[in-house]
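Trainee: Structure in structure tokens, see below.
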Amino acid sequence: MRRLLVAANWKMNGDMSSNAALLAAFKAGFNGSADTAIFPPAVYIPQLADSLKGSAIAYGVQNIHFEEKGAFTGETNLAMAQDFGCQYILVGHSERRELFGETNAIVAKKVVAVLAAGLIPMLCIGETLEQREAGVTEQICKEQIDAVLTQVGIKAFEKVVIAYEPVWAIGTGKTASPEQAQDVHSFIRQLLAAEDAAVAAKTRILYGGSVKASSAQALFGQPDIDGGLVGGASLMAEEFVAICNAAQ
Ligand code: PEP
């Protein structure tokens with residue numbers, strides 16, 4: 001059985017005091033029914049390392065460089081993330097792809113590096129509204145997964161977490177319906193199953209895109225939805241606790 005996972009993507013939000021308040025409320029309210037991970041801005045990783053010491057709540061960075069070290073101004077490497085206890089690394093978020101030019105090939109290199117470091121990549125994929133309307137949602141998801149699959153092989157997907165995030169649903173308040181999401185999740189699992197059914201049965205596929213407490217239960221109740229990646233609602237303590245506690 002796959003244990004559900006709910007992750008928070010704080011994006012470029014927060015400060016020391018608002019983070020502390022969120023973390024305190026989360027630690028107090030979360031019932032531990034699912035795995036959970038928080039992706040704060042990188043500079044706050046030490047704050048989370050300190051606050052979450054001894055708790056089951058994992059954390060990680062929102063982006064990583066695939067090189068070990070060197071002249072890459074502004075970047076963070078995996079050894080740095082590991083120094084502060086990161087377990088998960090978000091890779092290929094649509095904002096990274098759209099705003100920072102991350103191609104499928106770059107995303108694949110990052111996944112390779114994260115796995116080589118022994119950490120868990122959370123690989124974000126998903127189609128834009130234009131692509132959905134053009135009927136190429138499955139093709140886009142397949143291309144995004146294939147780019148990684150050809151580099152890491154199917155066995156790696158026992159560890160890789162996939163976050164299916166339709167771009168049109170991110171930060172827009174438009175959640176995919178549970179059925180719309182399930183259709184794509186099922187397609188993704190079949191893609192993996194065509195390579196190795198046992199691995200596909202273990203791969204966690206999260207849904208992301210305006211998840212709220214009111215929509216979480218119906219989404220997480222779908223057979224191929226194994227939790228969520230939550231942006232805006234993860235900045236509201238009560239809302240995020242309710243989303244996490246809906247996952248079991
Ligand atoms: C995200 O940033 O990954 C995300 C899903 O954001 P939101 O929940 O705000 O749509």
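The values are calculated or read from the model by the stated rules, or taken from the named source; none is laboratory data. Remember, it's a predicted structure, so these values are computed and weren't measured experimentally. Glycine gets a Cβ as well: all are built from the backbone with ideal geometry, and neighbour counts include every protein chain shown.
Trainee: Considering only residues that are within 27 Å of ASP15 (Cα to Cα) and assigned to a loop (DSSP other than H, G, I, E, B), which ones fall in the range 216-245?
Mentor: GLY231, MET236
Trainee: Go through the residues of the range 195-215 one by one and say whether even a single one is over 18 Å from PRO121 (Cβ atoms), in contact with a Phe, Trp or Tyr (Cβ under 9 Å, 6 or more places away or on another chain), at pLDDT 95 or above and outside any loop (DSSP other than H, G, I, E, B).
Mentor: For the range 195-215, residues over 18 Å from PRO121 (Cβ atoms), in contact with a Phe, Trp or Tyr (Cβ under 9 Å, 6 or more places away or on another chain), at pLDDT 95 or above and outside any loop (DSSP other than H, G, I, E, B): present.
Trainee: Return the total of residues in the range 79-103 being crowded, with 16+ Cβ neighbours inside 10 Å, of a type outside the set (A, V, I, L, M, F, W, C) and away from the ligand (no atom under 15 Å from the Cβ). Give the steps one after another, and end with the answer.
Mentor: Initially, the range 79-103 is screened for residues crowded, with 16+ Cβ neighbours inside 10 Å, giving 80-81, 84-86, 88-97, 102.
Those left that are additionally of a type outside the set (A, V, I, L, M, F, W, C): 85, 88, 92-97, 102.
Checking the rest, the ones that are also away from the ligand (no atom under 15 Å from the Cβ) come to 85.
The qualifying residues number 1.
Trainee: Taking the residues in the range 143-169 that are of a type in the set (Asp, Glu) and over 17 Å from the mean Cα position of the chain (by Cα) as candidates, determine which candidate is nearest to the ligand (Cβ to nearest atom).
Mentor: Per the criteria, the residue is GLU143.
Trainee: Let me ask something else about it. Take the range 137-147 and flag every residue that is out of contact with any strand residue (DSSP E or B) (no Cβ under 9 Å at 6 or more places or on another chain) and of a type in the set (A, V, I, L, M).
Mentor: Of everything in the range 137-147, just one residue is out of contact with any strand residue (DSSP E or B) (no Cβ under 9 Å at 6 or more places or on another chain) and of a type in the set (A, V, I, L, M), namely ALA147.
Trainee: Continuing with the same structure: Filter the range 39-73 down to the residues that are part of a helix (DSSP H, G or I) and in contact (Cβ under 8 Å) with a residue 24 or more places away in the chain and list them by number.
Mentor: ALA42, TYR44, ILE45, PRO46, GLN47, LEU48, ALA49, SER51
Trainee: Looking only at the range 8-19, which residues are exposed (fewer than 14 other Cβ atoms within 10 Å of the Cβ) and either in contact with a Ser or Thr (Cβ under 8 Å, 6 or more places away or on another chain) or polar (S, T, N, Q) (or both)?
Mentor: Within the range 8-19, SER17, SER18 meet the criteria.
Trainee: If I ask for residues that are away from the ligand (no atom under 16 Å from the Cβ) and aliphatic (A, V, I, L, M), which ones from the range 170-191 would you list?
Mentor: So in the range 170-191, the residues away from the ligand (no atom under 16 Å from the Cβ) come out as 179, 182-183, 186-191.
ILE188, LEU191, listed by residue number.
Trainee: Identify, from the list THR36, THR76, the residue that is among the polar types (S, T, N, Q), buried (at least 20 other Cβ atoms within 10 Å of the Cβ) and either within 16 Å of the ligand (Cβ to nearest atom) or touching a residue at least 12 places away in the same chain (Cβ under 8 Å) (or both). First the steps, then the outcome.
Mentor: Numbers: THR76 fails: buried (at least 20 other Cβ atoms within 10 Å of the Cβ).
Sole residue among the options that is among the polar types (S, T, N, Q), buried (at least 20 other Cβ atoms within 10 Å of the Cβ) and either within 16 Å of the ligand (Cβ to nearest atom) or touching a residue at least 12 places away in the same chain (Cβ under 8 Å) (or both): THR36.
Trainee: If ARG132 satisfies every condition in (1) within 16 Å of the ligand (Cβ to nearest atom); (2) within 15 Å of the chain's Cα centre (by Cα) but one, which is the exception?
Mentor: (2)
Trainee: Anything in the range 221-241 that is under 26 Å from ALA21 (Cβ atoms), within 14 Å of the ligand (Cβ to nearest atom) and either of a type in the set (S, T, N, Q) or touching a residue at least 40 places away in the same chain (Cβ under 8 Å) (or both)? List them, or say none.
Mentor: GLY227, GLY228, LEU229, VAL230, GLY231, GLY232, SER234, LEU235, PHE240
Trainee: Take the residues of the range 192-210 that are within 18 Å of LEU129 (Cβ to Cβ) and touching a Leu at 6+ places or on another chain (Cβ under 7 Å): which is nearest to the ligand (Cβ to nearest atom)?
Mentor: Here the residue is GLY208.
Trainee: While we're here: May I ask you to verify whether ILE140 is over 16 Å from ALA42 (Cβ atoms), within 13 Å of the chain's Cα centre (by Cα) and buried (at least 16 other Cβ atoms within 10 Å of the Cβ)?
Mentor: Working: over 16 Å from ALA42 (Cβ atoms): yes; within 13 Å of the chain's Cα centre (by Cα): no; buried (at least 16 other Cβ atoms within 10 Å of the Cβ): yes.
No: the conditions fail for ILE140.
Trainee: Looking at the range 1-26 only, could you name the residues that are part of a loop (DSSP other than H, G, I, E, B) and in contact (Cβ under 8 Å) with a residue 24 or more places away in the chain?
Mentor: Once the filter is applied, which keeps residues that are part of a loop (DSSP other than H, G, I, E, B) and in contact (Cβ under 8 Å) with a residue 24 or more places away in the chain, the range 1-26 yields ARG2, ARG3, LEU4, TRP10, LYS11, MET12, ASN13, GLY14.
Trainee: Report, by residue number, each residue of the range 148-173 that is out of contact with any strand residue (DSSP E or B) (no Cβ under 6 Å at 6 or more places or on another chain), acidic (Asp, Glu) and more than 13 Å from LEU192 (Cα to Cα).
Mentor: Across the range 148-173, there are no qualifying residues.
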